[in-house]
């Protein structure tokens with residue numbers, strides 16, 4: 001069985017510095033995370049099927065009874081909220097994947113190959129964004145089929161897409177940080193529940209002025225509401241004011257905080 | 001500390017390696033006074049795991065760190081592989097200091113631990129190609145390296161199956177292959193055969209022998225005396241965080257009788273008679289009338305022992321010969337007296 005290994009000098013890439021290898025390593029790790037996502041069938045189904053089901057439930061079960069106080073159809077009102085819910089579910093898998101890595105021996109192998117934490121986490125985050133893009137496309141396609149009729153300008157679409165991507169990116173990094181914090185994949189799953197829950201106390205499904213005043217106060221000022229209000233305004237071509245900028249600032253803040261937290265946690269937990 | 005080792009002749013694996021260890025030969029691993037405790041935050045008192053160990057592994061040799069669970073073997077490996085920082089002590093691996101030249105050390109080594117460091121949801125080939133890319137190989141070269149390693153480890157047929165579907169032995173082999181992608185100078189194997197069936201264990205031993213024959217330095221930990229005996233040029237026994245014995249397998253075996261003779265005596269009187277002659281019995285139980293004696297396992301020695309203890313041929317009802325368990329090795333190595341009569345004479 002033992003066969004001679006192809007000998008000869010290693011044809012390594014010219015530069016070996018950690019920083020110059022970061023893009024190439026991140027690309028390799030992204031390929032890995034995408035393959036792993038594709039093969040974690042149950043998680044993939046959750047990330048794709050749950051938003052679709054929720055869209056149907058809200059439109060057909062609750063939608064008839066909800067008065068949004070506007071003359072837009074409920075499906076058009078609710079789609080931005082479902083998209084954010086979907087971002088929550090989609091990025092939850094990142095926390096679990098990161099915790100799985102830490103639990104097994106593979107993180108030590110990566111470290112001994114001198115692969116930095118940034119590349120490992122970036123791989124998971126990019127895969128998470130890819131999963132979300134897929135889920136978002138699915139939800140949008142279904143929404144159009146059941147009567148979602150946005151009136152956005154091309155610029156509005158572009159801005160909405162950009163904002164949604166920023167939100168997904170921020171949430172995925174947050175999820176990666178949570179994965180580094182959690183002791184087990186089950187715990188990681190539990191923590192991400194809170195993130196998935198955030199769209200409920202927001203303007204996602206009902207106008208916040210229908211809530212008790214203390215809840216409305218929270219809902220009006222939490223990031224999900226600003227992102228949803230911005231998306232709604234952009235997609236329906238309504239005046240959005242400064243809300244999109246506020247939403248973008250929220251995303252940037254969450255992103256910066258999560259990246260910093262993840263870096264610190266990675267150093268502490270992995271060294 | 002390293003004494004010049006005699007030619008052992010029975011290490012069975014490496015004929016390419018030097019049998020006489022030159023003190024001046026470059027050491028692949030050199031450690032002095034490694035100390036590590038865990039815990040100690042808050043009100044806990046720290047639990048010492050390593051209490052100051054010295055190691056020297058010449059380049060191109062196979063070194064086995066032998067010890068039971070909890071002896072500190074994994075901690076020692078993790079320190080040498082720069083994954084854990086020692087509390088005190090210094091070490092150089094492949095010529096680089098493990099504290100100040102971590103990155104160089106990591107590039108020069110590979111570590112295969114007790115937990116498979118490959119992705120279950122990737123195929124064997126995907127795992128190896130990924131590792132090869134991370135080592136810095138270009139796409140085509142990475143593919144060639146992966147194919148070469150899969151062939152060498154007998155995994156070509158399983159290359160495109162998910163690792164999830166592999167047997168325990170195949171997993172261990174693909175894991176080891178993943179560690180070899182970067183052609184490391186020093187390979188750490190932490191309990192490479194724990195949990196494997198005998199056939200897979202044998203296959204893994206072949207691989208280690210093959211590596212050693214190519215001049216790679218191998219540092220392995222094991223709970224099995226037999227494994228250390230089969231593979232290693234030198235063995236150190238780690239117990240309670242200290243090295244209690246070090247030498248070639250032959251040297252260690254001369255300190256610990258390799259076999260044990262279990263005797264069941266016919267009557268209680270017979271038990272007492274024989275017990276009186278055998279103060280060095282490693283086990284004795286009057287209730288079951290059983291005694292265990294160290295022996296070298298050769299027929300003349302066993303026959304002479306039986307004749308001497310039971311000249312009438314009536315006292316001993318049953319006997320069984322077996323190899324020493326690791327427990328007995330430790331009992332012997334940590335006992336106050338470690339001398340055993342080579343001849344069956346009892347004063």
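The values are calculated or read from the model by the stated rules, or taken from the named source; none is laboratory data. Computed from a predicted model, the values in this text were never measured in an experiment. Quick reminder, even Gly has a Cβ in these numbers, built from the backbone with ideal geometry, and neighbours come from all protein chains shown.
Note on region B:147-169: residues that are crowded, with 20+ Cβ neighbours inside 10 Å and either under 12 Å from residue B:123 (Cβ atoms) or touching a strand residue (DSSP E or B) at 6+ places or on another chain (Cβ under 6 Å) (or both) total 5. Please find, within region B:74-94, the residue that is nearest to residue B:110 (Cα to Cα) out of those that are surrounded by fewer than 23 Cβ atoms within 10 Å (Cβ to Cβ) and away from chain A (no Cβ under 14 Å). By that ranking, first place goes to B:92.
Among the conditions (1) touching a residue at least 60 places away in the same chain (Cβ under 8 Å); (2) under 16 Å from the mean Cα position of the chain (by Cα); (3) closer than 29 Å to residue A:269 by Cβ, the only one that residue A:184 does not satisfy is (2). Scanning region B:66-94 for residues that are touching a helix residue (DSSP H, G or I) at 6+ places or on another chain (Cβ under 7 Å) and either part of a loop (DSSP other than H, G, I, E, B) or closer than 11 Å to residue B:242 by Cα (or both) yields a count of 8.
Checking each residue in region B:95-120 for being at the interface with chain A (Cβ under 9 Å from one of its Cβ atoms), surrounded by fewer than 19 Cβ atoms within 10 Å (Cβ to Cβ) and part of a loop (DSSP other than H, G, I, E, B) picks out B:114, B:115, B:120. Restricting region B:242-263 to residues that are at pLDDT 85 or above and touching a helix residue (DSSP H, G or I) at 6+ places or on another chain (Cβ under 9 Å), the residue that is surrounded by the most Cβ atoms within 10 Å (Cβ to Cβ) is B:263. Taken together, the criteria place residue A:158 among residues that are more than 14 Å from every other protein chain (Cβ to nearest Cβ), part of a helix (DSSP H, G or I) and either surrounded by fewer than 20 Cβ atoms within 10 Å (Cβ to Cβ) or at pLDDT 90 or above (or both). Could you tell me which residue of region A:214-223 is surrounded by the fewest Cβ atoms within 10 Å (Cβ to Cβ), considering only residues that are out of contact with any helix residue (DSSP H, G or I) (no Cβ under 6 Å at 6 or more places or on another chain) and part of a helix (DSSP H, G or I)? The qualifying residue surrounded by the fewest Cβ atoms within 10 Å (Cβ to Cβ) is A:214.
Within region A:107-134, being touching a strand residue (DSSP E or B) at 6+ places or on another chain (Cβ under 9 Å) and in a loop (DSSP other than H, G, I, E, B) holds for one residue alone: A:113.
Within region B:147-185, which residues are part of a loop (DSSP other than H, G, I, E, B), within 12 Å of chain A (Cβ to nearest Cβ) and touching a residue at least 24 places away in the same chain (Cβ under 8 Å)? B:153, B:154, B:155, B:181, B:182, B:184 - these are the residues of region B:147-185 that are part of a loop (DSSP other than H, G, I, E, B), within 12 Å of chain A (Cβ to nearest Cβ) and touching a residue at least 24 places away in the same chain (Cβ under 8 Å). All conditions in (1) in contact (Cβ under 8 Å) with a residue 12 or more places away in the chain; (2) surrounded by fewer than 24 Cβ atoms within 10 Å (Cβ to Cβ); (3) under 28 Å from residue B:239 (Cα atoms); (4) within 13 Å of chain A (Cβ to nearest Cβ) hold for residue B:188, with the sole exception of (2).
Each row is one residue, and each column tells you yes or no for (1) touching a helix residue (DSSP H, G or I) at 6+ places or on another chain (Cβ under 8 Å); (2) modelled with pLDDT under 85; (3) in a loop (DSSP other than H, G, I, E, B).
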site	(1), (2), (3)
A:3	yes, yes, yes
A:8	no, yes, yes
A:15	yes, yes, yes
A:20	no, yes, no
A:25	yes, no, no
A:35	yes, no, no
A:38	yes, no, no
A:43	yes, yes, no
A:48	yes, yes, no
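Tell me, yes or no, whether region B:128-146 has at least one residue that is more than 7 Å from chain A (Cβ to nearest Cβ) and under 27 Å from the mean Cα position of the chain (by Cα). There is at least one residue in region B:128-146 that is more than 7 Å from chain A (Cβ to nearest Cβ) and under 27 Å from the mean Cα position of the chain (by Cα).
Of the residues making up region A:25-39, those that are facing chain B (nearest Cβ under 7 Å) and free of Cβ contacts under 8 Å to residues at least 60 places away in the same chain are A:35, A:39. Taking the listed residues B:71, B:64, the one that is modelled with pLDDT under 90 and crowded, with 21+ Cβ neighbours inside 10 Å is B:71, with no other qualifying.
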